[in-house]
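Here's the structure, in structure tokens; my notes come after.
Quick note: the coordinates plus some simple rules give every number you see, no bench work behind them. Computed from a predicted structure; not experimentally measured. Note that each Cβ is placed from the backbone with ideal geometry, even for glycine, and that neighbours are counted across all protein chains shown.
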Amino acid sequence: MRFFFIRRSALCTVCLILFFAWGCSEEKLGETKSQKSKPAQHAPKKAKEKTEPASKSEFPLLNQENFQPFLSKYFEENTERKLELTTRLGTIKFKLYDETPLHTANFLMLTKRDYFNNTEFTRVVENFVVQGGNNDRESEELKRLLIGNYLIPSEMDEDLIHKKGALAMARNYEDNPDKASSAYNFYFVHGQKFNEPQLLGIERDNDIKISPAKRKIYKTVGGAPHLDGEHTVFGQIYEGLDVLDKMAAVETDKSDWPLNPLIMNIKVIDE
């Protein structure tokens, strides 16, 4: 993993300053929406772990002012779009979309910087989502401090929907009228299949219109149609939906955290 190299005394000072700034600016998810129906913005509890020393990095510290030009350039210079996620339950292969350049570049950048490796899926809700990327372990807090604090503008596309296997970013529902995404907190849609009365109810309750083409997908493939228009979908599983089923079925505690840690590793693949 590649990060800035900072001497121990300086690292302590920098981390304290950045941690204070992060805490002041970090968005938190309100409880105005049902916890079971919306992807959570933060991990529900804190796990203890020793931090690891950082190493030198060529990346700038990203913030709300500089992240967009950086990611736009990163998208153009890094053309890989296929990734592989491995857990104790098997391997999933997924692709990132060109239609969502900032989200795609951000996820690819985090993958290449090994941000996700040896992290946990922190929220699993069967027939809904399998979510990770924002654990509160000290090592991951340090990684985020060294990468940066920023929100990604919405890149929603009507054709990129929350069907089963979709990859999307969580977001804050409070004080976020533009529906900007978290930079770290992602989820895969597990979802379920819906019949026509259920889809009519979703349209009524969420004030949305589901097209005939999308209705067919949600009836035959399944997904989470009420999230369309709320979160940016920027990828899709193309191999390993059976592994996603196994992940979604793991036993969890009352906060939806897997009782047996579901550790992930993600890497770029060349296919």
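Please work out the Cα convex hull volume for region 51-177 and give it in Å³ per residue. Dividing the Cα hull volume of region 51-177 by its residues yields 140 Å³. Legend: ranking of residues K164, K216 from fewest to most surrounding C-beta atoms inside 10 Å; resulting order K216, K164. Among the GluC sites (Glu not before Pro) in region 106-177, those located in a DSSP loop and surrounded by at most 14 other Cβ atoms within 10 Å of their own Cβ are E158, E174.
For region 105-158, the normalised intensity computed at q = 0.12, 0.16, 0.19, 0.28 Å⁻¹ comes to -0.35, -0.61, -0.82, -1.20 (log10 of I(q)/I(0), Debye sum over alpha carbons, equal scatterers, no solvent).
Taking other C-beta atoms within 10 angstrom as a stand-in for reagent exposure, F107, F128 fall in the order F128, F107, fewest first. Converting phi to 3J(HN,Hα) with the Karplus coefficients 6.51, -1.76 and 1.60 and the offset θ = phi - 60°, region 64-71 yields 5, 8, 10, 5, 5, x, 5, 5 Hz in sequence order, with x at every glycine or proline. By other beta-carbon atoms within 10 Å, ranking K193, K38 with the fewest at the front produces K193, K38.
Across region 96-107, coupling constants 3J(HN,Hα) worked out from phi with the 6.51/-1.76/1.60 Karplus curve, θ = phi - 60°, read 9, 8, 6, 6, 10, x, 5, 5, 5, 5, 5, 5 Hz, and Gly and Pro carry x.
Quick one: of K73/K214; K193/K246; K95/K193; K95/K179; K112/K216, which pairs are farther than 26 Å apart, Cα to Cα? Check vs 26 Å cut-off fails for K73/K214; K112/K216.
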